[in-house]
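Asker: So that we are looking at the same thing, I have put the structure below in structure tokens.
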Amino acid sequence: MIWRGVEAEFKRTAEALSQLDANPALILAQIAHHTKAAEEHLNKMLDGTADILSGLPEIQQIFDESEIKRIRTGQTYTIRMGKKMFSASEQLALRLRKTHPYKPHHPTRNSLKNSFLYRVSLAMFLYALRWIRGGSQLPTRHDRVRNDYIDMIFATYGTYFNGLMTEDRRAGDLHAELRYVLAIQGARMPVDYLEPFLKEFREHHQGLRTTTT
């Protein structure tokens, strides 16, 4: 999750903001520069959607027919299916690590579940399960796949903080699923900001059930 050089970049941004009144033309030029950079990055992500689309059938091949039926009918996953999911996510994280421009160190077995590349790989796997559940029809809109990938990134970031604040149902559901699966594996995560409200909600409704019985 560490972006090298972020301190220097943030310093330049703060200095530019402090000069807003003195040199508005400079600020507008920097905004235009960052806008262009963001557009170029989004276009690169759009090109990368082909890798995501090609990976979906590969993930489906991990499961046999009975397991695919179990996924599509909403049945409980077996222990064998869970092991397949975790193993495939580790392999994907290894591939991402090898091609990463910063060449991050390989995490230890104890720290693997806390590494960003493993968590985002697991998010991708959960996305693939959602695709299988929906009938395994490959999307034709690459821009939507790119948006889904962005959701995976934010869903993963949220596991290092107190959850994901969003009105996007798909992103919120993916984040909740990711937190649930990581918790099963014993990964370290801060308490979700919604948890106290959910606890109060459950206690309230438990009280209602008690008074009506």
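The values are calculated or read from the model by the stated rules, or taken from the named source; none is laboratory data. The structure displayed is predicted, hence computed values, not measured ones. Neighbour counts are summed over all protein chains in view; Cβ atoms, including those assigned to glycine, are modelled from backbone coordinates with ideal geometry.
Asker: Looking at (1) modelled with pLDDT under 95; (2) in contact with a helix residue (DSSP H, G or I) (Cβ under 9 Å, 6 or more places away or on another chain), which is the one condition that is false for residue 102?
Answerer: It fails just one condition, (2).
Asker: Further, regarding this structure: May I ask you to list the residues in segment 170-193 that are more than 17 Å from residue 152 (Cβ to Cβ) and either at pLDDT below 85 or of a type in the set (Ser, Thr, Tyr) (or both)? Lay out the reasoning, then the answer.
Answerer: Quick first cut of segment 170-193, residues more than 17 Å from residue 152 (Cβ to Cβ) only: 183-186, 188, 190-193.
Passing the criteria: only 193.
Asker: Of the conditions (1) part of a loop (DSSP other than H, G, I, E, B); (2) within 13 Å of the chain's Cα centre (by Cα), residue 188 clears all except one; give me its number.
Answerer: Condition not satisfied by residue 188: (2).
Asker: Moving on to the next point. Looking only at segment 38-63, which residues are in a helix (DSSP H, G or I) and either charged (D, E, K, R) or surrounded by fewer than 10 Cβ atoms within 10 Å (Cβ to Cβ) (or both)? Before you say what the answer is, go through the steps one by one.
Answerer: Step one: list which residues in segment 38-63 are in a helix (DSSP H, G or I), which gives 38-60.
If the condition is that a residue be in a helix (DSSP H, G or I) and either charged (D, E, K, R) or surrounded by fewer than 10 Cβ atoms within 10 Å (Cβ to Cβ) (or both), then 39, 40, 44, 47, 51, 58 are the ones that fit.
Asker: To continue, here is another question. Return the only residue of 115, 66, 121 being of a type in the set (S, T, N, Q) and in contact with a Ser or Thr (Cβ under 7 Å, 6 or more places away or on another chain). Break it down stepwise before answering.
Answerer: Details: 115 fails: in contact with a Ser or Thr (Cβ under 7 Å, 6 or more places away or on another chain); 66 fails: in contact with a Ser or Thr (Cβ under 7 Å, 6 or more places away or on another chain).
Just a single option satisfies the conditions, and that option is 121.
Asker: Sticking with this structure for a sec: Looking only at segment 164-174, filter to residues that are part of a helix (DSSP H, G or I) and either basic (Lys, Arg) or over 11 Å from the mean Cα position of the chain (by Cα) (or both); which one of those is surrounded by the fewest Cβ atoms within 10 Å (Cβ to Cβ)?
Answerer: Going through segment 164-174, the residues part of a helix (DSSP H, G or I) turn out to be 169-174.
Checking the rest, the ones that are also either basic (Lys, Arg) or over 11 Å from the mean Cα position of the chain (by Cα) (or both) come to 169-170.
Working: 169: 8, 170: 14.
Among those residues, the one meeting the criterion is 169.
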